[in-house]
Amino acid sequence: MSATPYPFTKQKKFNTTNTQVRGRFAPSPSGPLHFGSLFAALGSYLHAKSQNGLWFVRIEDIDTTRVQKQAREQILEALTAFGFVWDCDKQTESQLRISDQNCLTQTQRINRYQECFEYLEAQHLLYGCECTRKEIKALGGSYNGQCKNKQLDLQTHPVRIKQVNPLHSYTDLHFGLQEAPEGLSTEDYLIKRRDGLFSYQLAVVVDDIDQGITHVVRGSDIMPLTARQLTLYQQFGMTPPEFFHLPVISGQVGHKLSKQNHATPIDMKNPKPELVKALELLGLPITECSEIERKSCAKILDWAIKTVDFSRLPKGQEILI
Ligand SMILES: [Zn+2]
């Protein structure tokens, strides 16, 4: 019998023991923050802080091929300039170095992902795949599981996870019932990539479990992947957090601001105008914030924490600016 230990502490199973809201903002250091990421950071911050919760910043640098030198520092500096204060997560504090500035960093946690990977392997949920990109593309979008019974070596191949019991829908706290796109929820997706890196899906779920995140508040562009992530919680035998998706900020219809399309970085030297604009788009009655011209960003955020009402958040999946 396999001696692979169960990689989680059942007692820490959240939603049962964590009564305090625990949220996070998890930027990837692939470039400086832009207005869309500021909006998402504010959404998760106000969601947690307005409920007296904890809010963590996690650096999602698992895809090292996209990491830009300096981006991590720029992101943390920008958050500070805009008045954010993040908490230290006591559950993962022992993994932090002083230079981490209380931010859990994925590339420091490769051994942890390996443990969880080995658990999935021991559950016979993983298999190696030898298909080329070209072959997969020819399958027409989603992978058909053709390597499932080939017993390929997991050390030397990209590794996929079997979708034995996929979830097809879930209830989003903002957008309501969501049907998962069929191909996405049933596809045996890559858990370890061709280049040997663990997938974002594995890292983000393990991180959210280890940090006891109760509410994932993030942009709706990631919403289609939620069912997949929920299935992974099930495969780990863990209760998932609640998901609250925010509209994404777009320059034109269907084109969200992103680092990939070189959205302008937020202005750290003059943060107030963009902060005010983002709060307005979140539905905050900004004209009711007294003496706003004299207030620091931190003071404006204090006001926003007391004032925010998520029922005023726009219901569309996209906000055009
Ligand atoms: Zn294959």
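Taking label points 7 Å from Cα along the Cα-to-Cβ direction, THR107 and ASP302 give a separation of 3.8 nm. A simple charge model with +1 on the Cβ of Lys and Arg, -1 on the Cβ of Asp and Glu and nothing else charged puts the dipole of the chain at about 220 debye relative to its Cα centre.
Identify the residues of the range 112-128 with backbone N under 18 Å of a label point that sits 7 angstrom from the Cα of ASP153 along the Cα-to-Cβ direction, or state none. Counting only backbone N, you get 127-128.
Using 16 Å as the cut-off for backbone N distance, which residues of the range 202-241 belong to the label zone defined by a point 7 Å from the Cα of ARG193 along Cα→Cβ? Taking a point 7 Å out along Cα→Cβ of ARG193, the residues of the range 202-241 whose backbone N falls under 16 Å are 202-205.
From the cross-link list LYS256/LYS277; LYS69/LYS162; LYS90/LYS269, which pairs have alpha carbons spaced over 28 Å apart? Over 28 Å Cα-Cα: LYS69/LYS162; LYS90/LYS269. Note on the range 40-70 and the range 133-187: Cα centroid distance 26 Å, given to the nearest whole angstrom. When the trypsin sites (Lys or Arg not before Pro) in the range 17-98 are filtered for DSSP coil states and for at most 16 other beta-carbon atoms within 10 Å of their beta-carbon, the remaining sites are LYS69, LYS90, ARG97.
Averaged per residue, the chain has 48 square angstrom of accessible surface, using a 1.4 angstrom probe with ligands and nucleic acids left out. Can you tell me the orientation of helix 226-235 relative to the chain, as the angle in degrees between its alpha-carbon axis and the longest Cα principal axis, to the nearest 10? The angle comes out at about 50 degrees. Overall, the range 154-260 carries a charge dipole of about 360 debye about its Cα centre when +1 sits on the Cβ of Lys and Arg and -1 on the Cβ of Asp and Glu, all other atoms neutral. Counting only DSSP H runs of at least 4 residues, each contributing -39500 (n - 2.57), and dividing by the residue count of the chain, the helix-based mean residue ellipticity at 222 nm comes to -8500 deg cm²/dmol. Surface composition of the chain: carbon and sulfur make up 51 percent of the accessible area, probe 1.4 Å. Along the axis of the charge dipole computed for the chain (Cβ charges of +1 for Lys and Arg, -1 for Asp and Glu, origin at the Cα centre), the listed residues VAL217, VAL253, PRO7 are led at the positive end by PRO7. Taking 0.36 nm per residue of separation and subtracting the Cα-Cα distance, full extension of the segment from ALA3 to LYS90 would add 28.4 nm.
Counting 0.36 nm for each residue step from ALA138 to LEU320 and taking away their Cα separation leaves a gain of 62.0 nm.
The values are calculated or read from the model by the stated rules, or taken from the named source; none is laboratory data. No experiment lies behind these values; they were computed from the predicted model shown. In this analysis, Cβ positions are derived from the backbone assuming ideal geometry, glycine residues included, and neighbour counts consider all displayed protein chains. Remember, those area values only see protein heavy atoms, side chains included, never the ligands or the DNA or RNA. Shrake-Rupley method; radii C 1.70, N 1.55, O 1.52, S 1.80 Å.
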